Amino acid sequence: MAGAGITTTDSNKTAMTIMAVLLGTMALGVFSNALYAPEKPAKPGYALPVAEAAAGKTEAPKEDPLPVLLAKADPKKGEAATKVCQSCHSFEKGGAAKVGPPLYGVIGRAKGSVPGFAYSDGMKSKGGNWTYEDLYAFITKPSAYVPGTKMTYPGEPDAQKRADIEAYLQTDADAPVPFPKADAAAPAEEPAKK
């Protein structure tokens, strides 16, 4: 009966083989984890480019002063730029209010003053007349100039395009308001920049 059964030596060899395979598999897992381990960030999350811009690492280009922009503004380009505005505003004399108030003669007109138009509380409380400076700031980002404004337009990012729009609005009036003059000191500073 010597050859009929499994001996202790055979079962030990089988057990040792299984343990060697398991140990080898574990060692291979540890080695591959060490070789291909991802770098863990110091702070969890993803680095977004917006966070870098907010941190001040990128500077916005410096704009020319409004009088300089208006001096080189093109009313024809401004009229073309107002095509997007015409879905909500009328530009004709005596034009009716649409989603927004009519803009004929807006420069020099009191803010929130078109009869029958339902202005936001923020616009009603703004007070004063529309100046080129006020309108320029409003066109830049309406929600920043008048918190709570009903105007959903996000704003025009291009400074010269805003000035072109104002040059067109100057022509869109019975009595055009003259552009603001640049300070007398501004031209003297210009050569110093070169």
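Any read-out appearing in this document is the output of simple, stated calculations on the displayed coordinates, not a laboratory observation. Given the structure is predicted, the values throughout are model-derived calculations rather than measurements. Here the Cβ positions follow ideal geometry from the backbone for every residue, glycine too, while neighbour counts run over all protein chains shown.
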Discussion item. Using C-alpha positions alone, give me the convex hull volume of segment 84-135 per residue in cubic angstrom.
Written reply: 86
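Using a Förster radius of 22 Å, what is the FRET efficiency between residue 74 and residue 109 based on their Cβ-Cβ separation? Nearest 0.05, please.
0.40
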Practice prompt. List, in the order given, every pair from 124/161; 62/141; 98/161; 83/124; 126/150; 93/181 whose Cα-Cα distance in the structure shown is over 22 Å.
Written response: 124/161; 98/161; 83/124; 93/181
